[in-house]
Each structure stands twice: as structure tokens, then as C-alpha cells.
């Protein structure tokens, strides 16, 4: 999920709370194991969050080097005997400047069109995605926030295929192979697009190696939905292919949002 300004503000409040605790120790060495562990934990948390802020804030945030350096120093300090005053000196940039320089700046970013578009993409799939599919939806949202709309379309199609794979695994390879044999036996469009010689899978790796177009045809047979829905899925695959190959295709944020809505309707809601 895209980081929120509320989460950033809460992080800043935690830093201020730690600073208050450290202030009570004066210049004494920090010896309590739980306090040292907490300092190490917040340092690691920031160092994980910082790249996401740096890469995804569309120029709204200032340079974060001072904050990164402070937390790297904090983490290093937890490995040695360190005085409370030394920790406070390193945390000062967060205590004094974090709210104005980072949190408020990020609030402006959340109101930007690119960020709003990214959150809309995530909202389309709210409550409908499993853990494996969620990572692709989140990546698509990040790509959209960075104006990498082609990449966003590709990630959304990856989420669609992850949903189809999940449904196929639930149905079982035997059911898939039976449906594939049924497709291979039929004549005319769209069945004449199926791979010659048919398709048999015995593992997830086999499924992942199958052409997406073949998987769509087997899904049509397996779940028994109509040709109109299959054709919509085919158009989605065509859009994904346009995004993945060199050419003049130039999608915008609205295209990504519409693609997301169609993936939800024609894949997620169809592949039970």
C-alpha cells in the first residue's frame, strides 16, 4: 500500500517520544536493552521507508540524505555503548524539521494528480485481491504515481494472470487439462487460436510457461463464461502487449484506471 502522510506523522511522533525518553537520561549511557532495540527498530524502519519516499514522491519532498544519515548513525550507535545525548543529537533533524519538511510536503503530494491516480488504482481492487495479486496491484499503483503508465498496465495484467493461476490451481490440473482438451477439440474462432497439439500441465511451472492467450481460452472452457467476456479479456491482453513492446502507444493515467476497472470486472470477478 502506498505510504500515507498519517503514517509518516505517526512515525515522527514516535521519534519525539523517544527523544523525550532520552532527554530524561541526560548524558548517561543508554543501557536498557528494550530502549536500544526500539532505537534500532525505528532506524531500520526509516531506512526501509526512505527509498519509497525518495522514488515515489514526484519531486514534492526535499532531499532526504540528512534523515537517512541520521538513522544510519543511530543504527550503528546501537551496536556500541552510546550516551543518550549522542542519540538525541542524531535524532535532532527529525525532532526539529521532520513535520514541516517531510510530513507536510508529503501531504501536498497526496493531493497531487499522480498520487490520486495511484490511490484510485488500489481502490479498484479493495477487498478483492489475495497476497500474491496484491504485490502486482501495489507495484502498478507505484508505477502510475511515477507516470510510468506502460509499466502500470503490465503490472495490472500480471495481477490478472495471478488471479487466473490461483483459480486454476484451486480447480486442479486435471480439470485444467480436461478443459484444454475440450478447447483443442473445437473448431472455428476463437478455438483455432489455441496452440497446436493442445496443452497439458502438471505443475505451476508448466502453467507459467503457457501462453497467456492459451490460458484465456482454457479459462473460457473451465469457468463456462461467454465469448463476450473472453473477448474483453483478449482486448486487455492486447493492451498489455502494446504496453510491453516498442511503439507509439502512450497511455495516460486515465487509461491505467480504466484498465484496472476492466481487469477487476472481466478477470477478478469472472475467475472464481
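The values are calculated or read from the model by the stated rules, or taken from the named source; none is laboratory data. If you're wondering where the values come from, they're calculated on a predicted model, not measured in any experiment. With ideal geometry, Cβ positions are generated from the backbone for all residues, glycine too; neighbour counts draw on all protein chains shown.
May I ask you to verify whether residue 134 is in a helix (DSSP H, G or I), assigned by TED's automatic domain parsing to the domain that holds residue 236 and within 27 Å of residue 199 (Cα to Cα)?
Details: in a helix (DSSP H, G or I): yes; assigned by TED's automatic domain parsing to the domain that holds residue 236: yes; within 27 Å of residue 199 (Cα to Cα): no.
The answer is no for residue 134.
Condition (residue is at pLDDT below 90 and farther than 15 Å from residue 168 by Cα) applied to the range 233-248: is it met by at least one residue? Walk me through how you get there before you give the answer.
Within the range 233-248, the first condition is being at pLDDT below 90, and the residues that meet it are none.
For the range 233-248, residues at pLDDT below 90 and farther than 15 Å from residue 168 by Cα: absent.
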If you go through the range 184-195 one residue at a time, do you hit one that is exposed (fewer than 13 other Cβ atoms within 10 Å of the Cβ) and closer than 19 Å to residue 270 by Cα? no
Can you say whether residue 221 is in a helix (DSSP H, G or I), in contact with a helix residue (DSSP H, G or I) (Cβ under 9 Å, 6 or more places away or on another chain) and assigned by TED's automatic domain parsing to the domain that holds residue 136, as far as the supplied structure shows? yes
Filter the range 224-235 down to the residues that are over 15 Å from residue 167 (Cα atoms) and not in a helix (DSSP H, G or I) and list them by number. 226
Report yes if residue 163 is under 23 Å from residue 214 (Cα atoms) and either in the same structural domain as residue 197 (by TED's automatic domain parsing) or over 23 Å from the mean Cα position of the chain (by Cα) (or both), otherwise no. yes
